[in-house]
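Report on the following structure.
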Amino acid sequence: MNTSYIFINTVMKALFGIFSSIFVNSILSGNIQWGLIIGVIITLLFIIYDIFRSMRSINPNIKVSLLNDEVTQKEEARRGLVVFLSLFKKFPKEKNNAPFSIEELKKCIQEKDYKKLCIDDISATNFGPAIVAINAHKSKLEKLWIITTKATNPGGELTSLDYLPVFEEYIKKEIHFPHKIKILSGPKYSVDTTDSSQVTINTYKKIKDIYKQASKEYKIKRKELIVDVTGGFTYMSVGATLACLAKDQDVEALGSKYNPKTGNPAGGLYPLLIKYAPRFSKSED
């Protein structure tokens, strides 16, 4: 039990004692009017205290849906989607499959050559989850936010923001949307990872800002926007999830079958739509 709870609990009990004494004295002295007023105050204090005690535990009321077929995906598709673009990684499928050099990666980015980077093979790179998420919502998707990472002093190393042009090229060429969509990306939607202690907080703020932008600029309601927390760093996923802890704000994560030998995804990626309706509960469970 934390100190803030003990303090508030002590204050509430003291107030009960004070007002109860005033109430008794008012009745005994024949001041019925003041007695009734104090009685109402005591009742309100009791209600407030009861609510406070209920807030000790929250029942998230979690419901998880698998978006693993076309029918379910169309039913659950959202008008707005937020995805995280991880720092590019290619999963070796053969023992002699050498990784790309920095020069090769930069050339592919410059030429927007997503095929050479194998981005078109969902199981070949860690861009696969973002692609699966986009495909799952493409039937209704209007606005796509792509959250990337950057570094103030990258020292010549690539960040996921650098891969944005080639990733967007893949989206434009390979994902066939039933209607025109708007991609919102770039430095404005990039999280600086230079100071790792601030990444969770900065991600939280980015997602909150996106919810505000979606509502004000695009008239997309909270329940019409979904945040996929699969990509990016773990502490980015934490910040994004915390930013979604409100009514009608769901999150999504991707599941997969994995190769037991390599630990790499072995195909079969599917979105898990996680809905929750937090309710205060007196129970500690």
So, with points 7 Å from each Cα along the Cβ direction, the Gln198-Lys219 label distance in nm works out to 3.8
Per-residue Cβ contact counts at 10 Å, fewest first, order Lys206, Lys180, Lys172 as Lys180, Lys172, Lys206
Calc'd 3J(HN,Hα), the range 198-205, phi into Karplus 6.51 cos²θ - 1.76 cosθ + 1.60 (θ = phi - 60°), Hz, glycine/Pro = x, comes to 9, 5, 4, 5, 5, 5, 3, 5
The long-range amide H neighbours of Leu184, using H built 1.01 Å from N in the peptide plane and a cut-off of under 5 Å, are Leu144, Trp145, Ile146
Which residues qualify? For Leu254, with a placed amide H closer than 5 Å and at least 5 residues away or on another chain, they are Thr230, Leu272
The relative contact order of the range 62-281, taking Cα pairs under 8 Å that sit 6 or more residues apart, comes to a percentage of 27
Listed by chain and number, the lysines with an alpha carbon less than 23 angstrom from that of Lys180, same-chain partners under 8 positions apart left out, are Lys74, Lys112, Lys138, Lys140, Lys143, Lys172, Lys188, Lys212, Lys216, Lys219, Lys221, Lys223
Classified through the alpha carbon gyration tensor (a ≥ b ≥ c as square roots of its eigenvalues; rounded if a/c is under 1.5, else prolate when a/b is larger than b/c, else oblate), the range 102-219 comes out oblate
Percent relative contact order for the range 187-241, counting Cα pairs under 8 Å at least six residues apart, stands at 40
Log10 I(q)/I(0) at q = 0.20, 0.25, 0.28, 0.32 Å⁻¹ for the range 112-163, from Debye over equal alpha-carbon scatterers, is -0.88, -1.08, -1.14, -1.18
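Bear in mind these aren't lab numbers, they're just calculated from the coordinates by the rules spelled out. Every value quoted in this text rests on a predicted model; they were computed, and no experiment measured them. As a convention, Cβ positions derive from the backbone with ideal geometry for all residues, glycine included, and neighbour counts pool all protein chains shown.
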